[in-house]
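Novice: Here's a structure for you.
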Amino acid sequence: MLKAKLKHYEDLSEKSIQSKGEVNNLPFIYAITPTFTRPVQKAELVRLTLAFLHVKNFHWIVVEDSTEKTDLVGNFLQDCGLPFTHLHVKTNEQFQLKSTDPNWKQPRGVDQRNAGIEWLLKAHREEKLKPGVVYFADDDNTYSLQLFREAHKKSIRLASWSCWRLRFERPIVSSSGKVTGWYTVWDPSRPFAMDMAGFAINLSLLTSHPEARFDIRSRRGYVESSLLTSLGVTLSDLEPKADNCSKVYVWHTRTEKPNWKQEVKLIAAGRPSDPRIEV
Ligand code: UGA
Ligand code: MN
């Protein structure tokens with residue numbers, strides 16, 4: 001029943017690529033979001049939705065790292081008000097993070113982003129897609145509306161803004177508006193030393209390189225470079241946005257993992273909080 005209902009909403013949603021809220025002359029933004037089950041997942045998705053709902057010509061491709069689509073994400077998407085595509089692919093066991101692993105031990109969200117790319121390529125072959133920009137929007141970031149205003153400028157390729165171990169990271173831009181390197185402390189020698197959220201690519205770049213994918217075997221920090229290299233992009237192709245990359249438009253928020261020690265006590269006492277209540 002739920003599956004049929006979901007399919008119905010998805011069909012509607014895919015049709016809406018053509019219609020719902022379409023504003024002429026603005027390229028579409030196809031945002032691919034990998035996501036996985038954890039206590040904060042729904043809160044993350046809500047935060048993303050609150051930004052994405054303001055963006056015209058937006059299509060959200062949500063890819064769960066799971067063996068099947070979950071009810072939580074399926075029901076959430078049905079009600080979120082955005083045109084969406086709901087996919088799932090479980091990360092290959094060899095590359096799965098174990099609960100005791102530090103998060104950098106394995107690349108994350110790679111198979112899911114590739115599944116999103118494959119969906120886009122298929123939809124493009126079936127002539128279902130409008131011209132647009134592809135953006136990899138992890139579920140733990142905070143996105144400003146300015147970022148999407150920039151992405152709507154038919155950007156072929158990229159710009160970078162992000163912050164984590166530094167106040168910010170950015171491409172270094174010459175006075176003639178060319179990217180010459182990276183302002184980052186950790187391994188600036190990477191071909192593209194920027195975060196996933198720091199660039200957008202034109203859909204046509206992807207469809208003209210249908211073999212291009214993220215490489216799950218990439219060294220730590222090289223996942224972004226793996227896709228861009230396979231797209232044949234070089235530094236000189238980058239189109240700085242956000243005032244020559246001087247503005248920060250996305251933040252790596254990283255929601256704190258809740259400490260459920262009181263819940264653990266309740267479970268031990270055989271009185272867990274009502275599992276029928278979704279959080
Ligand atoms: C950092 C970068 O911000 C990512 O863009 C990059 O892909 C990643 O490093 C990498 O090198 O692989 P980080 O914050 O460390 O990401 O990773 P997460 O934000 O935990 O995960 C990235 C995305 O993958 C998220 O959307 C997350 O929901 C998803 N994910 C994470 C899964 O689908 N499965 C998992 O087991 C873990
Ligand atoms: Mn992250």
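Novice: Which of the numbered conditions does residue 233 fail, given that it passes all the others? Conditions: (1) away from ligand 1 (no atom under 16 Å from the Cβ); (2) loosely packed, with under 12 Cβ neighbours inside 10 Å; (3) of a type in the set (A, V, I, L, M).
Specialist: Unmet for residue 233, out of (1) away from ligand 1 (no atom under 16 Å from the Cβ); (2) loosely packed, with under 12 Cβ neighbours inside 10 Å; (3) of a type in the set (A, V, I, L, M): (2).
Novice: Since residue 264 meets every condition but one in (1) assigned to a loop (DSSP other than H, G, I, E, B); (2) of a type in the set (Val, Ile, Thr); (3) farther than 30 Å from residue 177 by Cα, which condition does it not meet?
Specialist: Going through the list (1) assigned to a loop (DSSP other than H, G, I, E, B); (2) of a type in the set (Val, Ile, Thr); (3) farther than 30 Å from residue 177 by Cα, residue 264 breaks only (1).
Novice: Ok, one more. Taking segment 91-104 as the region of interest, how many residues are near ligand 1 (Cβ under 10 Å from one of its atoms) and either at pLDDT 90 or above or in a helix (DSSP H, G or I) (or both)?
Specialist: Of the residues in segment 91-104, 4 are near ligand 1 (Cβ under 10 Å from one of its atoms) and either at pLDDT 90 or above or in a helix (DSSP H, G or I) (or both).
Novice: Right, something else. With over 18 Å from residue 252 (Cα atoms) and buried (at least 21 other Cβ atoms within 10 Å of the Cβ) as the only criterion, which of 77, 53 stands out?
Specialist: Just a single option satisfies the conditions, and that option is 77.
Novice: Let me ask something else. From the list 224, 263, which residue is without any contact (Cβ under 8 Å) to a residue 40 or more places away in the chain and within 25 Å of residue 112 (Cβ to Cβ)?
Specialist: On inspection, the qualifying residue turns out to be 224.
Novice: Considering only segment 229-245, how many residues are free of Cβ contacts under 8 Å to residues at least 60 places away in the same chain and either in contact with an Asp or Glu (Cβ under 7 Å, 6 or more places away or on another chain) or not aliphatic (A, V, I, L, M) (or both)?
Specialist: Summing the residues that are free of Cβ contacts under 8 Å to residues at least 60 places away in the same chain and either in contact with an Asp or Glu (Cβ under 7 Å, 6 or more places away or on another chain) or not aliphatic (A, V, I, L, M) (or both) in segment 229-245 gives 6.
The values are calculated or read from the model by the stated rules, or taken from the named source; none is laboratory data. Fair warning: this is a prediction, and the values are worked out from it, not measured in the lab. All Cβ positions, glycine included, derive from the backbone under ideal geometry; neighbour counts span all protein chains shown.
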